[in-house]
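K.L.:
Input: one structure, supplied below.
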Amino acid sequence: ASEVHVPAGSCLMAPRMNPRYREAETNAKISLTILGDSNVQRNYDPKALLPINKREVKVTALKTTNQKFLDENVGKIPQGTNVVLFSCFANILCDKVRAVKKAKTVRDVLAETLDEFANQIANFCDMNQDKMVIMTIPLERYRPKWFTDVYRTIVKQYRETFRSLSCHNLRLMPAFSEELQMNDQVHLIPPQGKIYINFLVTESRKIYACEG
């Protein structure tokens, strides 16, 4: 991946993942805002949250299916939010690849898009140091084909990029490990979609409980 440029004066210490957080007590009271891609938007339903997630977490989901929505939504985080979850990179990357000239390779576009995205997240972290910021690992999708072809590269560079950012309030969520079930090769089928949403909320709750 190309070098990520972090704004001067932003985020002083590199984040370090607490290896024990997955076993942490899960009684955190959090107000979670999810900036979510199409898989979040299609599947988020407050009624489908696990009882502990309903009880312990106030969730707001903002439709963030492209760069325009991301630019708008970073300024629309509800007051009182103490955890912000970004789950929107896959859609943004796909849009960028569709829009570029054929002279550029997918890997070139990935590097450029990831740098731009990471800089935006670093700025957000710097301006919202009272909030924990969590990044999800993009889900694989089987259409377009290039996404599957470079998926391992996407995940590797995504992890490396966000682990390298010097933002004390930034955390990286583990990947969703279930075998994906998709009817259209992009979106999770509804039953698994509900599982995925609860995974995002539960993992956010665990991270905050241990490190918040």
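The values are calculated or read from the model by the stated rules, or taken from the named source; none is laboratory data. All values reported here derive from a predicted model rather than from experimental measurement. Cβ coordinates were reconstructed from backbone atoms using ideal geometry, including for glycine residues, and neighbour counts include every protein chain displayed. Note: accessible area is taken over every heavy atom of the protein model, side chains too, but ligands, DNA and RNA are not part of it. Shrake-Rupley method; radii C 1.70, N 1.55, O 1.52, S 1.80 Å.
K.L.:
Which far-off residues, 5 or more places away or on another chain, put their amide H under 5 Å from the one on Leu85, with H placed in the peptide plane?
P.N.:
Thr33, Ile34, Leu35, Ile134
K.L.:
Write down the accessible area per residue of region 50-140 in Å², having rolled a 1.4 Å probe over the full set of protein chains. Please list the in-between numbers first.
P.N.:
Values: 4280 Å² over 91 residues.
In whole numbers, region 50-140 has 47 Å² accessible per residue.
K.L.:
Go through region 33-40 residue by residue and turn each phi into a ³J(HN,Hα) via Karplus (6.51, -1.76, 1.60, θ = phi - 60°); whole Hz please, and just put x for glycine and proline.
P.N.:
After applying 6.51 cos²θ - 1.76 cosθ + 1.60, I find 10, 9, 8, x, 7, 5, 5, 6 Hz.
K.L.:
Which one is right for this structure if Cα extents along the principal axes in Å is calculated from it: (i) 56, 40, 37; (ii) 65, 40, 28; (iii) 51, 45, 32?
P.N.:
(iii)
K.L.:
Counting only C-alpha contacts under 8 Å and six or more residues apart, can you give the relative contact order of the chain as a whole percent? Show your work: numbers first, answer last.
P.N.:
On the way: 331 pairs, mean separation 75.3, N = 212.
So the answer I get is 35 percent.
K.L.:
Straight-line reach from Lys206: which aspartates and glutamates fall under 16 Å, measuring Cα to Cα and dropping same-chain residues less than 8 apart?
P.N.:
Of all the aspartates and glutamates, those that pass the test against Lys206 - Cα under 16 Å, at least 8 places apart if same chain - are Glu23, Glu25, Glu56.
K.L.:
Can you compute 3J(HN,Hα) from phi for each residue in region 106-116, using the Karplus curve 6.51 cos²θ - 1.76 cosθ + 1.60 with θ = phi - 60°, rounded to whole Hz and x for Gly and Pro?
P.N.:
Listing the rounded values in order: 4, 5, 4, 5, 4, 4, 5, 5, 5, 4, 5 Hz.
K.L.:
Tell me the per residue accessible area of region 160-211 using a 1.4 Å probe; a whole number in Å² is fine. Can you show the working numbers first?
P.N.:
On the way: 2100 Å² over 52 residues.
Computed with neighbouring chains in place, this is 40 Å² per residue.
K.L.:
How about Lys63: which lysines have a C-alpha closer than 23 Å to its C-alpha, ignoring those fewer than 8 places off in the same chain?
P.N.:
Lys47, Lys54, Lys76, Lys96, Lys131, Lys194
K.L.:
Could I ask something else about it? Among 147-153, 30-36, how do they line up from the highest to the lowest mean number of other beta-carbon atoms within 10 Å? List each step's numbers first, then the result.
P.N.:
Values: 147-153: 14.9, 30-36: 22.6.
Ranked from most to least packed, the peptides come out as 30-36, 147-153.
K.L.:
Report, in whole Å, the centroid distance computed from the Cα atoms of region 50-97 and region 110-154.
P.N.:
Between the Cα centre of region 50-97 and that of region 110-154, the gap is 13 Å.
K.L.:
Can you send over the carbon and sulfur percentage of the accessible area for the chain, probe radius 1.4 Å, protein chains only?
P.N.:
Details: 5380 of 10580 Å².
Carbon and sulfur together cover 51 percent of it.
K.L.:
Apply the Karplus parameterisation 6.51 cos²θ - 1.76 cosθ + 1.60, with θ equal to phi minus 60°, to every residue of region 46-58 and state each ³J(HN,Hα) to the nearest whole Hz, in sequence, with x for glycine and proline.
P.N.:
These are the phi-based 3J(HN,Hα) values: x, 5, 8, 5, 4, x, 5, 5, 4, 6, 9, 10, 9 Hz.
K.L.:
Take the alpha carbon gyration tensor of region 100-179, find the square roots of its eigenvalues, order them as a ≥ b ≥ c, and report rounded if a/c is under 1.5; if not, report prolate when a/b exceeds b/c, else oblate. List each step's numbers first, then the result.
P.N.:
Working: a/c = 2.76, a/b = 1.49, b/c = 1.85.
Because a/c hits 1.5 or more and a/b fails to exceed b/c, region 100-179 counts as oblate.
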